[in-house]
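Peer 1: Questions regarding the structure given below will be posed in turn.
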Amino acid sequence: MRKALVAGNWKMNGTINDVKELTSKIGLAERTDVDIMVAPSFVHMHSVGEILSGTNILLAGQDCSEFDQGAFTGETCADMLSDLGCTHVIVGHSERRQFFGDDNKRVANKARKAEIEGLCPIVCVGETLEERDSGRTIEVIERQLCAVFKMIQNKFIIAYEPVWAIGTGKSATPEMAQEVHQNIRQYSTVHSHLNGSDLRILYGGSVKPDNADELFSMPDIDGGLIGGASLDSESFLKICCSAAKLIN
Ligand code: 13P
């Protein structure tokens, strides 16, 4: 059985006070029927971790270095994240791929470093609008996944985030997302040592309280990776309720 998971990717947002307030509100959610996770910026991680200690809300990094500790100015490595209480780390987010040059190989290296440090990677995959329009969605996603399968030994989480749906208010339809999720499951079974039906696959891209129900009612969607709506505790917790109600 795949348990529902809703993760908030806070990206580069908020003052320390904003983030503490948001964390305190989310920390009040005492749910066992859905895994709830937040990914604050690195500078806020310690404070967020302190507020969440003693709760069952999980902590994730938004990225990690492909290198181990050393002279890499500005980088944050996986063991630093695990030292701060993170259990998961997002790698390959499309914003990293688009603005910071993270290609498939680097994303796979990051996922491997995370795995070595005992963190579960959340590997983001997804196509641009141009790739979708030219019928290359599945091909692009399979290439993104293939690179990671070569490097990773254990189970990891996949987040399907169509680039054109991120921060645009234009979510994929439930049917579009389901088609890709189903494909990812099949591809994983055939082309990796993992059993696709055990993999948790999240959908991300303009998930809001008013479209969460229809997305989460799809059989291969196991939860969401939430950007904008995760910065509002009420919206985020509503999305968590939808996941608990419709998945599992
Ligand atoms: P939005 O929910 O703001 O579209 O962002 C999705 C996302 O990028 C989560 O990682």
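The values are calculated or read from the model by the stated rules, or taken from the named source; none is laboratory data. The shown structure was predicted, so the numbers you read here are calculated from the model rather than taken from an experiment. When we count neighbours, we look across all protein chains shown, and the Cβ atoms used for this are built from the backbone with ideal geometry, even at glycine. For the accessible areas, the whole protein counts, side chains as well, though only heavy atoms, and no ligand, DNA or RNA atoms are used. Shrake-Rupley method; radii C 1.70, N 1.55, O 1.52, S 1.80 Å.
Peer 1: Scan region 48-57 for residues that are of a type outside the set (V, I, T) and open to solvent by less than 50 Å² (accessible area, probe 1.4 Å) and jot them down.
Peer 2: Scanning region 48-57 gives G49, L52.
Peer 1: Additional query: Mind listing whichever residues of region 162-210 are open to solvent by less than 20 Å² (accessible area, probe 1.4 Å), under 22 Å from K3 (Cβ atoms) and within 16 Å of the ligand (Cβ to nearest atom)?
Peer 2: P174, A177, V180, H181, I201, L202, Y203, G204, G205, V207 - these are the residues of region 162-210 that are open to solvent by less than 20 Å² (accessible area, probe 1.4 Å), under 22 Å from K3 (Cβ atoms) and within 16 Å of the ligand (Cβ to nearest atom).
Peer 1: Then there is this: Taking the condition open to solvent by less than 10 Å² (accessible area, probe 1.4 Å) and not aromatic (F, W, Y), does M45 pass?
Peer 2: Here the answer is yes, as M45 does meet what is asked.
Peer 1: From the set of residues in region 135-161 that are touching a strand residue (DSSP E or B) at 6+ places or on another chain (Cβ under 6 Å) and assigned to a loop (DSSP other than H, G, I, E, B), which is surrounded by the most Cβ atoms within 10 Å (Cβ to Cβ)?
Peer 2: Taking the candidates together, the pick is E161.
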